[in-house]
Amino acid sequence: MSLHQLIVPFGIITWLMVLTTLLSGLKVIKLSFKNHRLLGIISAVLASCHGLLVFILNS
């Protein structure tokens, strides 16, 4: 599997993590603050990696 094939699945996973973080912050999904914060950190790392991957492969 090439890196180009990872962009879309990686973006979908990142979007789902951000959505889950948002929904837990709005109390739609019941999570502790510790888990909400962990989801936020993981979402930020995934989004940064995804953006960097897109930037590198499209340059």
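Please treat every number below as a calculation from the coordinates, not as lab data. Everything numeric in this text was worked out from a predicted model, so none of it was measured.
Any chance you could give the angle, 0 to 90 degrees and rounded to 10, that helix 7-25 forms with the longest Cα principal axis of the chain?
For 7-25 against the chain, the angle is about 10 degrees.
Please list, ordered by chain and number, the residues whose modelled amide H lies under 5 Å from the amide H of residue 29; skip anything fewer than 5 residues away on the same chain.
Excluding prolines and chain starts, which carry no amide H, the hits are 24.
For all pairs of alpha-carbon atoms in segment 3-57, what percent lies in each bin of width 10 Å, listed from the first bin to the last filled one?
27, 44, 22, 7
Measuring from centroid to centroid over Cα atoms, what is the spacing of segment 35-59 and segment 1-33 in Å?
Centre-to-centre (Cα) distance: 10 Å.
Let me check against my output: what whole-number percent is the relative contact order of segment 3-57, with C-alpha pairs under 8 Å and at least 6 apart?
It comes to 49 percent, rounded to a whole number.
Restricting to DSSP H runs of at least four residues, report the calculated mean residue ellipticity at 222 nm for the chain, -39500 (n - 2.57) per run over all residues, nearest 500 deg cm²/dmol.
So the calculated ellipticity at 222 nm is -26000 deg cm²/dmol.
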